[in-house]
Amino acid sequence: MNYKEILKDINTMIFDYDGVLTDGTVLTTEHGEQYRTGHVRDGYALHLAIKKGYNVAIISGGTSHSINKRLETLNLKDVFICVSNKVACLAAYLEQKKVDPSKVLFMGDDIPDYKVMQLVGLPVCPADAAEEIKSISKYISSYKGGHGCVRDIIEQLMKIQGTWMNEDAFEW
């Protein structure tokens, strides 16, 4: 089945953080603080998806407080960081939200995402994902991690479902 057909039924979007919402680069200061960069359009798309009522979550092995700070500004409440077992985290989240895994999109980029991506209806990845992740993805964005891949898939989903350019899209 074409990934666009699957997008019609997706109600939950889950993203890894490093390598998906960022380009994977982590700058570390001498005090141990970590800095990452991301794309503002990815942030807007996440914020809009939440505003439109989609379930949106982050499941990441990342450990920086900057992740929480960034996602708080987008109104993203379902944030799971320092996760060592993404499969267990996904199962608990889907049970809590009462979501069928076939209605879930997961965007990952590297080996720790492999098993969890096999459990969802629509596994997708950025253009620069690991080859193993590309091999199980039903869609590979033309955008790299941290450079608009999240916006790419959210925009496609919302356009197919008719929720992209409604009146409230113009208000933050």
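Each reported figure results from applying straightforward, stated rules to the coordinates on display, with no laboratory input. Note that this is a predicted model, so its numbers are computed, not measured. Please note: Cβ atoms are built from the backbone with ideal geometry, for glycine as well, and neighbour counts cover all protein chains shown.
Of the peptides 101-109, 35-43, the ranking by mean beta-carbon count within 10 Å, highest at the top, reads 101-109, 35-43.
In square nanometres and to one decimal, what's the mean projected area of the convex hull around the Cα atoms of the chain?
Over all viewing directions, the chain projects a mean Cα-hull area of 9.4 nm².
Do any of K115/K138; K86/K159; K86/K138; K51/K134; K69/K98; K52/K134 go past 25 Å between their Cα atoms, and which?
On the way: K115/K138 15 Å; K86/K159 29 Å; K86/K138 20 Å; K51/K134 30 Å; K69/K98 27 Å; K52/K134 29 Å.
Going by Cα-Cα distance, K86/K159; K51/K134; K69/K98; K52/K134 fall outside the 25 Å limit.
Near V56, the amide H atoms lying under 5 Å from its own belong to M13; only residues 5 or more places off or on other chains count, and H is placed 1.01 Å from N.
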